[in-house]
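Undergrad: Next up is a structure, given as structure tokens.
The values are calculated or read from the model by the stated rules, or taken from the named source; none is laboratory data. Everything numeric in this text was worked out from a predicted model, so none of it was measured. Here the Cβ positions follow ideal geometry from the backbone for every residue, glycine too, while neighbour counts run over all protein chains shown.
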Amino acid sequence: MEELVSPGNAPFLVAICMMLFIGAVEGLSLLVGTGLLHHLDTFFAAHFDHATPLFPGENFLGWLHVGRVPLLVLVVLFLAGFAIAGLALQWAVAGLVGTPLPPVLASLIAAACAVPAVRLFGGQIARHVPRDETSAISEESFIGRVARLTAASAMAGQPGQAKLTDEHGRTHYLLVVPDDPEVRFDRDDAVLIVSRASGSLFHAIRNPRPDLL
């Protein structure tokens, strides 16, 4: 036990505490009717849907299965991989040379091991996550279609999730903000998608023709 709580293991013990904290906060937030998961997914989809040169032609977050697996699950996978790799590394190094690595160096190595673990295990989880979205049609084709807001609200600077059903009866989820910054959408409002801002974020107006939905 004394070796486990040594300074060299501090980053990995913090990661374990963070996993417990996330579980507690998510559980409490669900009790009051809103999940931390939803807010994190909305934030990342709105602000971090950018390509990266590390994986040409593929979104880095997509490579990590963001959007296919709940974000908190991926965060927990990373923290778990980081903690396990770090503790195992420090135990092995201490056994070989008598002293663990400096925490910063051990953390870098553990993080490098955790990222592929997120990719690997996230992919396994993604196969079993129920999904009614599909990428069979281009997101560009959402423009001109009507969606219904599923989030509590959407306004300038605060995207909200909306549900759109295509001509095949398949459901897609996207983020919308009012095209007019003075307008606010509320839950169940029908909105017409008018343009794509970036990634899964679209501009919308109130549905001018209710018969379209």
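Undergrad: Residues to consider are 146, 177, 191, 183; find the one that is β-branched (Val, Ile, Thr), touching a Gly at 6+ places or on another chain (Cβ under 8 Å), more than 16 Å from residue 68 (Cβ to Cβ) and not assigned by TED's automatic domain parsing to the domain that holds residue 69.
TA: Matching residue, one of 146, 177, 191, 183: 177.
Undergrad: Quickly run through the stretch 71-81 and pick out the residues that are under 8 Å from the mean Cα position of the chain (by Cα) and surrounded by 21 or more Cβ atoms within 10 Å (Cβ to Cβ).
TA: 71, 74
Undergrad: Further question: Go through (1) hydrophobic (A, V, I, L, M, F, W, C); (2) modelled with pLDDT of 85 or more; (3) not in a helix (DSSP H, G or I) and name the single condition residue 75 misses.
TA: Going through the list (1) hydrophobic (A, V, I, L, M, F, W, C); (2) modelled with pLDDT of 85 or more; (3) not in a helix (DSSP H, G or I), residue 75 breaks only (3).
Undergrad: Could you please give the count of residues in the stretch 160-197 that are within 22 Å of the chain's Cα centre (by Cα), within 13 Å of residue 142 (Cα to Cα) and touching a residue at least 40 places away in the same chain (Cβ under 8 Å)?
TA: 4
Undergrad: On to the next question. Kindly indicate the residue of the stretch 135-151 that is small (Gly, Ala, Ser) and either at positive phi or at pLDDT 90 or above (or both) and also surrounded by the fewest Cβ atoms within 10 Å (Cβ to Cβ) among those meeting that condition.
TA: The residue in question is 144.
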